[in-house]
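Undergrad: Can you keep this structure in mind? I'll have questions shortly.
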Amino acid sequence: MHKCESMDIPMVGVASIERWSNPPFLPWMPEEFYPQSIYPEAKSVIVIGLPPLR
């Protein structure tokens, strides 16, 4: 977390790859951008949250 804080990344988390099997909301990104399409061996994904620029 410290590295993220030093890069001004306020939120970071880890999500299971299964989250992309049943997205919580739509529209969702095309399947070719799903993590398992890019890296089939993936088990989890690091997710970062950045505030929108105003």
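The values are calculated or read from the model by the stated rules, or taken from the named source; none is laboratory data. None of the values given here were measured: they were computed from a predicted structure. Cβ: placed from backbone, ideal geometry, glycine included. Neighbour counts: every protein chain shown. Ligands, DNA and RNA are stripped out before the accessible areas are found, and what is left, the full protein with its side chains, is counted by its heavy atoms. Shrake-Rupley method; radii C 1.70, N 1.55, O 1.52, S 1.80 Å.
Undergrad: Can Lys43 be described as more than 12 Å from the chain's Cα centre (by Cα), of a type in the set (D, E, K, R) and modelled with pLDDT of 85 or more? Explain how you work it out, then say what you get.
TA: On the way: more than 12 Å from the chain's Cα centre (by Cα): yes; of a type in the set (D, E, K, R): yes; modelled with pLDDT of 85 or more: yes.
When the stated conditions are applied, Lys43 passes them.
Undergrad: Show the residue pairs that are 6+ apart or on different chains and have beta-carbon atoms under 7 Å apart, the first residue being within segment 29-40 and within 14 Å of Arg19 (Cα to Cα) and in contact (Cβ under 8 Å) with a residue 12 or more places away in the chain, the second being part of a helix (DSSP H, G or I) and open to solvent by less than 100 Å² (accessible area, probe 1.4 Å).
TA: Pairs found: Tyr34/Trp20; Pro35/Ile17; Pro35/Trp20; Gln36/Ile17; Gln36/Trp20.
Undergrad: Sticking with this structure for a sec: Kindly indicate the residue of segment 1-34 that is touching a Pro at 6+ places or on another chain (Cβ under 7 Å) and farther than 16 Å from Leu50 by Cβ and also modelled with the lowest pLDDT among those meeting that condition.
TA: First, the residues of segment 1-34 that are touching a Pro at 6+ places or on another chain (Cβ under 7 Å): 10, 17, 20.
Checking which are farther than 16 Å from Leu50 by Cβ leaves us with 17, 20.
On the way: Ile17: 89, Trp20: 78.
Once the filter is applied, the top-ranked residue is Trp20.
Undergrad: Criterion first (surrounded by 10 or more Cβ atoms within 10 Å (Cβ to Cβ), in contact with a Cys (Cβ under 8 Å, 6 or more places away or on another chain) and at pLDDT 85 or above) does Ile48 satisfy it?
TA: Numbers: surrounded by 10 or more Cβ atoms within 10 Å (Cβ to Cβ): yes; in contact with a Cys (Cβ under 8 Å, 6 or more places away or on another chain): yes; at pLDDT 85 or above: yes.
It is true that Ile48 is surrounded by 10 or more Cβ atoms within 10 Å (Cβ to Cβ), in contact with a Cys (Cβ under 8 Å, 6 or more places away or on another chain) and at pLDDT 85 or above.
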